[in-house]
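Here's the structure, in structure tokens; my notes come after.
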Amino acid sequence: MSTPAPPAAASSPSDVVTVRVVDHVAVVTLDRPDRRNALDWAMFDGLRAAAAGIAADGRVGAAVVTGAGGTFSSGLDTSLFGAAGPDGVDADFIAKLQGAFTAFEDLAVPTIAAIEGWCLGGGAQLAAACHLRLVTDDARIAIAERRWGLVPDLGGTYRLPRLIGLGRANDWVMTGRTIEADEAIASGFAQGRVTSLDEAVVFARDLATAPGATRRVASLLRENLDRPREEALAAEARTQLEVMAGPDVAEAARAAAEGRPPEFVGR
């Protein structure tokens with residue numbers, strides 16, 4: 001996957017996660033190509049810092065998460081188990097890891113996982129936490145915890161059934177089999193195919209310049225999955241009133257009257 005030249009130097013939330021802003025799109029790169037971007041403690045710290053930086057950066061209207069060196073991520077690095085401390089892995093340790101992924105789901109800007117090559121275990125669960133996923137032809141996805149005698153514990157059992165349905169989620173997790181690009185798209189896990197990171201950034205740029213209503217869609221849809229109908233309808237109404245009070249609805253009306261494209265501010 002080719003990498004677009006950034007207009008400015010990349011920032012580094014950690015040595016193994018970099019962020020650069022390209023046309024209002026934050027490109028977050030998992031950068032341990034020598035370990036196929038295996039997720040170690042430093043990478044989880046870097047992901048948390050990257051999400052916090054994106055949330056605080058008013059230039060950013062969307063984010064793309066990708067991996068360096070032709071691989072999205074080979075999953076958890078076994079060094080993580082040594083980082084758990086003298087008492088070993090406990091619920092608090094797992095919750096800290098989960099939080100690094102949930103941070104991308106909770107961002108108020110659209111997040112897109114651009115998946116090239118292997119996307120295994122924890123890497124697939126990071127991709128599932130993003131709002132959308134794009135795959136290259138050589139993408140290979142597997143919920144691979146079975147081979148270690150583990151269950152997916154970084155949000156996989158929560159997010160996968162919501163993305164692909166309970167039956168497919170059972171299949172993917174129980175078998176741990178490899179899912180290729182065509183099946184990833186047909187299942188609904190991925191929303192489209194790209195040939196390069198440039199294409200993913202172009203896709204994200206459209207979302208980055210969308211009205212503020214677009215930024216509210218991911219959380220509204222996700223939260224309404226678990227709400228009773230009346231609460232979901234009330235949440236829709238509240239959100240609609242919020243966006244109507246903002247500048248983008250008025251700008252859309254002016255642009256239509258003047259026969260020009262709208263210039264949204266994303267609020």
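Express in nm, to one decimal, how much length is gained between ALA245 and SER79 on full extension, taking 0.36 nm for each residue of separation and deducting their alpha carbon distance.
Numbers: separation 166, 0.36 × 166 = 59.76 nm, distance 4.95 nm.
So the chain would gain 54.8 nm between ALA245 and SER79.
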The stretch 109-129 scanned against label point 7 Å out from TRP148 along Cα→C-beta; backbone N under 18 Å for 118-129
A 1.4 Å probe over the protein heavy atoms gives the chain a carbon and sulfur accessible-area percentage of 55
In a Gaussian network model of the chain with springs linking alpha carbons closer than 10 Å, the residue among ALA190, ALA252, ALA103 that fluctuates most is ALA252
To the nearest 0.05, the calculated FRET efficiency linking ASP45 and ASP23 through their beta-carbon distance, R0 being 30 Å, is 0.65
With Cα springs under 10 Å, the Gaussian network model of the chain assigns the largest mean-square fluctuation among ALA108, ALA169, ALA186 to ALA186
Between VAL89 and ALA253, the two model label points (7 Å from Cα along the beta-carbon direction) sit apart by a distance in nm of 5.5
Dipole check, the stretch 135-243, charges on Cβ (K,R +1; D,E -1), about Cα centroid: among ALA218, TYR158, THR195 the Cα furthest to the positive pole belongs to TYR158
Per residue, the convex hull enclosing the Cα atoms of the stretch 138-225 spans a volume in Å³ of 115
Over the stretch 108-243, with neighbouring protein chains present, the accessible area per residue in Å² at probe 1.4 Å is 47
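Work out, step by step, the length gained on full extension between ALA55 and ASP226: first 0.36 nm times the residue separation, then minus their alpha carbon distance; give nm to one decimal.
59.0 nm
Would you calculate the volume per residue, in Å³, of the smallest convex hull containing every Cα atom of the stretch 57-194? Numbers along the way, then the final one.
On the way: hull volume 16.3 nm³, N = 138.
For the stretch 57-194, the hull spanned by Cα atoms encloses 118 Å³ per residue.
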Candidates ALA26, ALA237, ALA208; GNM for the chain (alpha-carbon contacts under 10 Å) flags as most fluctuating ALA237
Dividing the mean separation of Cα pairs under 8 Å (6+ apart) by the residue count of the stretch 67-198 yields a relative contact order in percent of 25
If the chain between ASP106 and VAL217 were fully extended at 0.36 nm per residue, the gain over the current Cα-Cα distance would be 38.8 nm
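Based on the alpha carbons, how large is the Rg to Rh ratio for the stretch 102-152 when Rh follows Kirkwood? Don't jump to the answer; show the numbers that get you there.
Details: Rg = 11.8 Å, Rh = 11.5 Å.
Reported Rg/Rh (Cα atoms, Kirkwood Rh): 1.02.
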The value for the stretch 169-267 (convex hull of the alpha-carbon atoms, volume per residue, Å³) is 147
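From Cα pairs below 8 angstrom and at least 6 apart in sequence, can you work out the relative contact order of the chain, rounded to a whole percent? Don't jump to the answer; show the numbers that get you there.
Working: 505 pairs, mean separation 43.8, N = 267.
Dividing the mean separation by the residue count of the chain yields 16 percent.
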In the chain the DSSP beta bridges are antiparallel at a rate, in percent to nearest 5, of 35
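The values are calculated or read from the model by the stated rules, or taken from the named source; none is laboratory data. Values in this document were obtained by computation on a predicted structure and should not be read as measured data. FYI the Cβ positions are ideal-geometry reconstructions off the backbone, even for glycines, and counts take in every protein chain you see. These area figures cover heavy atoms from the full protein model, side chains too; ligands, DNA and RNA do not enter into them. Shrake-Rupley method; radii C 1.70, N 1.55, O 1.52, S 1.80 Å.
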